[in-house]
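First up is the structure itself, then whatever we jot down about it.
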Amino acid sequence: PQGLLQTDSIPEVGEDAAATVGMSDVLSEEEQDELRKELAKVEEEIQTLSQVLAAKEKHLAEIKRKLGINSLQELKQNITKSWQDVTSTTAYKKTSETLSQAGQKASAAFSSVGSVITKKFEDVR
């Protein structure tokens, strides 16, 4: 029996695809060549996309710099937006209402306890 954490290996970038194929799935020379070509093409596309992404991120940073947007301002905006998202949820509204009602009841209870204590002190005098 195999262990629960044991997994099949996944070929790394550039690893020979044919070397990871089981004996029952033997590929022809033509299929191996096709897969190698596809592998090279996908790796090239990934590299191109990475370069495009890096250029876009650099352009974004330049635009933000020109607009005077810094990391601290973005963090504040993200926190404010997140807080607004949280406070607009039904669960938050219900919880807030419940806590408000509980607070009002607690205040009323403390007030009545306070008057009872005051009355008891007056009675003792």
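Observations
- Residue order for 121, 110 - accessible surface, 1.4 angstrom probe, largest first: 110, 121
- Applied to region 114-122, the Karplus parametrisation 6.51 cos²θ - 1.76 cosθ + 1.60 on θ = phi - 60° returns per-residue 3J(HN,Hα) values of x, 5, 5, 5, 4, 4, 5, 4, 5 Hz, with x for Gly and Pro.
- In Å, descending, principal axis extents of the Cα set of region 29-88: 61, 32, 12
- When the inverse distances between all different Cα atoms of region 22-125 are averaged and flipped, the Kirkwood radius reads 21.9 angstrom.
- Bridging of residue 105 to lysines at a Cα separation below 20 Å is possible for 93, 94, once same-chain residues fewer than 8 apart are set aside.
The values are calculated or read from the model by the stated rules, or taken from the named source; none is laboratory data. Here the structure is a predicted model, which means the values were calculated and not measured. Quick note on the areas: whole protein, heavy atoms, side chains included, nothing else; ligands and nucleic acids left out. Shrake-Rupley method; radii C 1.70, N 1.55, O 1.52, S 1.80 Å.
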